[in-house]
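Taken together, the values in this text are just the output of simple stated rules run on the coordinates, not laboratory data. Here the structure is a predicted model, which is why all the values come from computation and not from measurement. In this analysis, Cβ positions are derived from the backbone assuming ideal geometry, glycine residues included, and neighbour counts consider all displayed protein chains.
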Amino acid sequence: MNTYQKRRDELVSSLPKNSLVLIASADEIIRNNDAMFSFRQNSDLLYLSAFNEPESIALFDTDNKKFHLFCRDKDPLREQWDGKRLGYKGASNIGADEGHDIKEFDSKFLELIKNKERIYLQKDNIHLSTKIDALVDQAKKEFGRTNYSFPEEFFSISPILHEMRLFKDEDEISIMKKACSISAQAHIRAMKSVKPGMFEYELEAEYVHEFMKNGARDCAYTPIVGSGNNSCILHYNQNDRKMENGDLVLVDAGCEYQGYASDITRTFPVNGKFSPEQKLIYEIVLEAHKNCIEMLKPGISWMDVHRQSIETITEGLIEINLLSGSLEENIEKENYSKFYMHRVGHWLGLDVHDVGGYGSEGDWRLMEPGMVTTIEPGIYIKEGLEGVPEEFHKIGVRIEDDVLITDDGYEILSSEVPVDVESIEKLASSD
Ligand code: GLY
Ligand code: MN
Ligand code: MN
């Protein structure tokens with residue numbers, strides 16, 4: 001049985017009878033006038049089928065376990081302009097039991113909901129839920145005097161489907177390893193090419209080149225290439241500054257490979273040599289990164305990993321006199337948050353900030369085999385930061401790797417790219 005079929009079976013079998021599940025495709029999005037952004041399929045649909053077209057809905061019937069695909073019909077004229085379509089008559093090619101023209105959705109749906117009790121929809125698809133709501137009302141009116149019953153309750157499929165997506169199967173892990181490997185090579189390429197006078201976007205081009213050349217046509221998110229003070233802006237992506245001698249550059253860039261994200265950050269000196277202050281900060285972040293990764297194993301609370309990052313960073317900042325007072329006091333008063341203001345990581349998968357719950361106070365999620373998380377502590381000292389000597393200004397450091405939780409510990413998926421000061425200086429100072 002193929003992977004998609006296995007996932008569809010698992011999902012449908014976990015739901016009550018008399019239910020329909022609807023998963024909609026992503027929309028095409030206009031970039032300007034009539035030019036579109038490149039199409040990216042909805043991640044839930046990508047998880048359940050290899051179908052990669054807009055204007056479609058996958059519908060699963062839990063009574064007979066049928067997979068209905070509603071999609072566009074073939075259209076020679078549109079295909080001449082926009083490329084091939086599967087066409088609803090070809091639905092069996094992607095494992096659907098029945099294919100229907102998306103234009104027939106309303107009438108077909110009015111038939112399919114007869115005697116159903118529940119409808120499951122994706123959490124954020126307001127457009128589809130409004131439409132389904134109206135169709136159910138219409139069905140009740142049209143068939144009001146018959147013996148059919150109609151769904152009274154709508155549910156979100158997201159918690160169930162996203163819990164499945166949180167645990168990566170073997171196919172996903174091997175794709176994610178490849179994504180990380182491509183991104184790691186891109187970071188190495190960038191470190192080798194960086195030099196003062198280059199623009200941030202020139203460095204970005206090194207990443208995009210390496211991604212594409214290796215079959216990863218898209219970035220998993222817009223690359224962050226922040227040099228100098230820009231290294232302190234967490235999601236900076238203008239990437240248009242000329243890098244200067246003495247700057248650090250923080251690059252958070254990862255490719256998307258076969259739908260799966262990688263998410264790697266490295267911070268390196270533009271001229272190939274960390275200044276003493278840059279090195280001090282880098283070593284604290286590296287220590288936090290190492291401590292957090294080393295504690296990863298099944299049963300560890302996600303929040304304990306975050307607390308570890310806070311503790312190591314706070315301790316380091318006290319040691320170099322950027323914070324004063326005791327460790328406990330600085331943690332209690334959250335004084336570290338002036339330097340470290342984000343969480344230590346997030347789930348990674350089809351989405352870069354992947355789905356799956358983290359728990360909440362008193363009930364934080366525990367790590368389990370098959371989860372993939374990023375570990376990405378950082379320290380950001382922007383220009384003019386109060387109470388910090390000037391020689392530490394404009395230093396932003398984040399170190400981010402992608403880590404799989406295994407049966408007895410962890411595996412770093414992005415370990416091909418060096419992280420220690422010496423190896424980074426060696427790469428960044430090479431011609
Ligand atoms: N690349 C975005 C993040 O690290 O969360
Ligand atoms: Mn991340
Ligand atoms: Mn990142």
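Observations on the model:
- For segment 1-103, chymotrypsin sites (Phe, Trp or Tyr not before Pro) meeting the loop criterion (DSSP other than H, G, I, E, B) and having at most 16 other Cβ atoms within 10 Å: PHE37, PHE39.
- Model label sites at GLU55 and SER14, defined 7 Å from Cα along the beta-carbon direction, differ in position by 3.3 nm.
- Residues in segment 304-339 that a label on SER423 would reach, taking backbone N under 14 Å of a point 7 Å out along Cα→Cβ: none
- Among GLY99, GLY356, GLY384: highest mean-square fluctuation, GNM of the chain, C-alpha pairs under 10 Å: GLY384
- Whole-number percent relative contact order across segment 244-391, with pairs defined as alpha carbons under 8 Å at least 6 apart: 25
- Anchor LYS273: lysines whose Cα lies under 28 Å away (excluding residues fewer than 8 positions away in-chain): LYS192, LYS195, LYS242, LYS290, LYS338, LYS382, LYS394, LYS426
- Mean separation of Cα contacts under 8 Å (6+ apart) over length of segment 1-155, as relative contact order %: 22
- Here is how the number arises for the chain: DSSP H runs of 4 or more residues each give -39500 (n - 2.57), the sum is divided by the residue count, and the result at 222 nm is -10500 deg cm²/dmol.
- Per-pair calculated FRET efficiency, R0 = 22 Å: HIS353 and PHE199 via Cβ, rounded to 0.05: 0.20
- Each Lys and Arg contributes +1 and each Asp and Glu -1, all at the Cβ; summed about the Cα centre of the chain, the dipole is approximately 1440 debye.
- Remark: segment 24-177 carries a charge dipole of roughly 100 debye about the Cα centre, counting +1 on each Lys and Arg Cβ and -1 on each Asp and Glu Cβ.
- Residue among GLY384, LEU350, VAL417 farthest towards the positive dipole end of segment 338-431, charges placed on Cβ: GLY384
- Structure remark: mean-square fluctuation, Gaussian network model of the chain, C-alpha springs under 10 Å; the largest value among LYS279, LYS213, LYS192 belongs to LYS213.
- For the chain, dividing the convex hull volume of the Cα atoms by the residue count gives 173 Å³ per residue.
- Here the gap between GLU111 and SER92, fully extended at 0.36 nm per residue and compared with their Cα-Cα distance, gives a gain of 4.7 nm.
- Rounded tilt (10° steps) of 276-294 against the dominant C-alpha axis of the chain: 40
- Result for the chain in a Gaussian network model with C-alpha springs under 10 Å: among TRP364, TRP302, TRP347, the largest mean-square fluctuation is at TRP364.
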